[in-house]
Amino acid sequence: MKLTKKTVDLICELEMIIGNECYNPNSFDGWTLEEGCSFRYPVTYKDKDNFERKCRYIVQDIDKECINSMRYKFGSNNLFIGSALVKVLETLEKKYNLDFDELVKAKKNNSR
């Protein structure tokens, strides 16, 4: 799979959706007095200068070379969400004969 700018943006958008699906039933919100809270799990990645960044919002301006460094840290464990999403998109391309680059181009041409 070619990681174009649009594909990198799609990976970041998908990561944001996944990261927003966290919930802690043992948490307590003192402002609303609610037990159990949903939250956005922070994603950690290395930027093009190999500096480690942590993001609680959508990852922007990430180089395609850095996608595989995107991860969720769970104590001493890491879930490499960037490389997992690349593999998911590759699987969808192979299984359903898709080409995300072509889909992006077609959407761009249709929006004119």
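The values are calculated or read from the model by the stated rules, or taken from the named source; none is laboratory data. Predicted model, so just to flag it, every value in this text is computed and none were measured. Because the Cβ atoms are built from the backbone with ideal geometry, glycine has one as well, and the counts that use them run over all protein chains shown. Note: areas computed on protein heavy atoms with side chains; ligands, DNA, RNA excluded. Shrake-Rupley method; radii C 1.70, N 1.55, O 1.52, S 1.80 Å.
Structure data summary
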| read-out | value |
| --- | --- |
| Selected residue (only one of GLU35, GLU21 is open to solvent by 80 Å² or more (accessible area, probe 1.4 Å), acidic (Asp, Glu) and either under 30 Å from ASP99 (Cα atoms) or touching a helix residue (DSSP H, G or I) at 6+ places or on another chain (Cβ under 8 Å) (or both)) | GLU21 |
| Per-region count, segment 71-91, residues part of a loop (DSSP other than H, G, I, E, B) and within 17 Å of MET16 (Cα to Cα) | 1 |
| Matching residues in segment 55-70 - criterion: being open to solvent by less than 60 Å² (accessible area, probe 1.4 Å) and either assigned to a strand (DSSP E or B) or of a type in the set (Phe, Trp, Tyr) (or both) | CYS55 |
| Per-region count, segment 79-112, residues surrounded by 13 or more Cβ atoms within 10 Å (Cβ to Cβ) and of a type in the set (Lys, Arg) | 1 |
| Residue ranges of strands (runs of 3 or more DSSP E) in segment 1-54 with at least 1 members more than 14 Å from the chain's Cα centre (by Cα) | 22-29, 34-39 |
